[in-house]
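Reviewing the structure listed below.
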Amino acid sequence: MDRKEIEATIQKLDVAIDKEGAAVQFHQYGGGPDESKIVANEAGYLRLGIEFLKSAYAEKDHDVDDGNSIPIDLEYLISPESDIGFDWFERNETIKPFEEEKWSWRSQVFGFILMAIFFGIIALAIYGAVSLFG
């Protein structure tokens, strides 16, 4: 699919999925943002997805912040009972994608040395206790 086909499909979805009754809640159940959840009804998840799809092609608002802000309309969607709200959204093409950490031979050797030191300390503590009480 090329860009125009994708945009046309997003437009069709936007028209086909009604905003009425769509609801999304963002909750933070723990001590930080890494302990959060999203709760939504079916229409809410569909509308949230559509709004995010639309944001991929939205025109940037160059009058706001550093020019990466994009308009996303979530006001109708986010429930007032949500713990988390969003002030703005940005699209920045310089963000690096997630990559799993790769273990180099240096980090493996370092881990082995730390483990050897740990078990050495335990062995010395046991030897000392046996010598002291034995």
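Restricting attention to the stretch 53-76, does a residue exist that is in contact with a Leu (Cβ under 8 Å, 6 or more places away or on another chain) and closer than 26 Å to GLN11 by Cα?
Scanning the stretch 53-76 turns up at least one residue that is in contact with a Leu (Cβ under 8 Å, 6 or more places away or on another chain) and closer than 26 Å to GLN11 by Cα.
Just to be sure, is VAL39 in contact with a strand residue (DSSP E or B) (Cβ under 8 Å, 6 or more places away or on another chain) and over 17 Å from GLU75 (Cβ atoms)?
yes
Could you check PHE110 against (1) loosely packed, with under 10 Cβ neighbours inside 10 Å; (2) farther than 24 Å from ARG3 by Cα and say which number it fails?
Status for PHE110: all satisfied but (1).
Counting only residues that are surrounded by 16 or more Cβ atoms within 10 Å (Cβ to Cβ) and of a type in the set (Ser, Thr, Tyr), how many does the stretch 64-93 have?
Summing the residues that are surrounded by 16 or more Cβ atoms within 10 Å (Cβ to Cβ) and of a type in the set (Ser, Thr, Tyr) in the stretch 64-93 gives 2.
What number of residues in the stretch 47-63 are surrounded by 15 or more Cβ atoms within 10 Å (Cβ to Cβ) and of a type in the set (Phe, Trp, Tyr)?
Number of matching residues: 0.
Which residue is farthest from PHE26 (Cα to Cα), if the candidates are limited to the stretch 85-108 and must be among the charged types (D, E, K, R) and in a loop (DSSP other than H, G, I, E, B)?
LYS102
Checking GLY120 against (1) surrounded by 10 or more Cβ atoms within 10 Å (Cβ to Cβ); (2) assigned by TED's automatic domain parsing to the domain that holds GLU20; (3) out of contact with any strand residue (DSSP E or B) (no Cβ under 9 Å at 6 or more places or on another chain), which test does it fail?
Of the numbered conditions (1) surrounded by 10 or more Cβ atoms within 10 Å (Cβ to Cβ); (2) assigned by TED's automatic domain parsing to the domain that holds GLU20; (3) out of contact with any strand residue (DSSP E or B) (no Cβ under 9 Å at 6 or more places or on another chain), the odd one out for GLY120 is (2).
How many residues does the stretch 60-84 hold that are modelled with pLDDT under 85, of a type outside the set (A, V, I, L, M, F, W, C) and outside any strand (DSSP E or B)?
9
If I filter the stretch 36-46 for residues that are assigned to a loop (DSSP other than H, G, I, E, B) and surrounded by fewer than 16 Cβ atoms within 10 Å (Cβ to Cβ), do I get at least one hit?
yes
Condition first: in a loop (DSSP other than H, G, I, E, B) and over 17 Å from the mean Cα position of the chain (by Cα). Can you find one or more residues in the stretch 111-126 that meet it?
no
The values are calculated or read from the model by the stated rules, or taken from the named source; none is laboratory data. Please read these numbers as outputs of a predicted model, since none were measured by experiment. Quick reminder, even Gly has a Cβ in these numbers, built from the backbone with ideal geometry, and neighbours come from all protein chains shown.
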